[in-house]
Amino acid sequence: MINTISTNNSTREQGSTPTQASNQVPVLECRGLERRFGGLVALTGVNLRIERGEIFGLVGPNGSGKTTMTNAITGFFPPQVGSILLNGRAITGMAPHKVAALGVARTFQNLALFNGMSVLDNILLGRHIHMKPGVAQTALYWWLGRKEEVAHRLKVEEIIDFLQLQSVRDKMVDSIPIGLKKRVELARALVAEPSFLILDEPMAGMNQEEKKYMARFILDARDERNVTVLLIEHHMDVITGICDRMMVLSYGESIGTGIPAEVMKDERVIKAYLGGAHAAL
């Protein structure tokens, strides 16, 4: 039996969509995406629509195309077929740094923190998209550069407080537990002030208590910081606990999209992802 994560999210019932008006432009829309690596078909005919303010879950077995999907969206491996729109603007094939400049931030399946640097410095790196380095700022640091640096540090301190990282802010990132490292990665993404956040297995390696904390932080990021979230996870209790809608991928194809409780009853989803033993649940 799958354990559930209770988020006590009284602001919205599970499965309700923040933006119900179908005529509103979605934050993200993918149309007929196909991505091949030689003879390997990683994605084929995938359509995806994420409304503003949603937490949208993306699940599937290993090798189903989840990370390929996020890499296509963020410009690392653009699709060979299909189109991607962000807030109605075509971003298909756009370079990753340009996608980031449009308000997209992400965390990675494998930790991408800089060992040998403090938690504070790792988080501060997330501000690079807003920094404006130059000769003038360097030469006139006390008049120009210092003001900008203080502003960036204030934003970092705000996120450190938001994610309750005060106790480890000055520690080397390689000396803290994996649960806190995952939180640092989330902090580094949030200091970029994104409008759309992609989280690639943010709870991998966590125990149940750590997962509850992370789930709460993701909900708070959506509710308090107006961030729309694409959440890739293997923990189905997390998906059913905090996601408004979800999609299941299998061998690069979408086999189910909708409210988590309904998608998980689909026979194709049960067979491909949950396994036959869960058919009676």
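Restricting segment 169-190 to residues that are crowded, with 20+ Cβ neighbours inside 10 Å and of a type in the set (V, I, T), the residue that is farthest from V229 (Cα to Cα) is V173. Quick one: would you say R153 is at pLDDT 80 or above, over 22 Å from I198 (Cβ atoms) and surrounded by fewer than 17 Cβ atoms within 10 Å (Cβ to Cβ)? Yes; evaluated as a whole, the condition is true for this residue. Just to be sure before I move on: is L28 under 14 Å from the mean Cα position of the chain (by Cα) and at pLDDT below 95 in the structure I sent? Judged against the criteria, L28 is not a match. With respect to I123, determine if the residue is touching a Cys at 6+ places or on another chain (Cβ under 7 Å) and in contact (Cβ under 8 Å) with a residue 40 or more places away in the chain. No: the conditions fail for I123.
The condition of being within 27 Å of H97 (Cβ to Cβ), in contact with a strand residue (DSSP E or B) (Cβ under 6 Å, 6 or more places away or on another chain), of a type in the set (V, I, T) and in contact (Cβ under 8 Å) with a residue 24 or more places away in the chain holds for only one of V229, V248, that being V229. Of all residues in segment 27-53, exactly one satisfies the criterion of being without any contact (Cβ under 8 Å) to a residue 40 or more places away in the chain and surrounded by 15 or more Cβ atoms within 10 Å (Cβ to Cβ), namely R49. Please give the number of the condition I84 fails out of (1) under 23 Å from Q24 (Cα atoms); (2) in contact (Cβ under 8 Å) with a residue 60 or more places away in the chain. Of (1) under 23 Å from Q24 (Cα atoms); (2) in contact (Cβ under 8 Å) with a residue 60 or more places away in the chain, only one is false for I84: (2).
Inspect all residues belonging to segment 229-248 and state whether any of them is surrounded by fewer than 17 Cβ atoms within 10 Å (Cβ to Cβ) and within 30 Å of T44 (Cβ to Cβ). Yes, the conditions are met somewhere in segment 229-248.
The values are calculated or read from the model by the stated rules, or taken from the named source; none is laboratory data. None of the values given here were measured: they were computed from a predicted structure. Cβ: placed from backbone, ideal geometry, glycine included. Neighbour counts: every protein chain shown.
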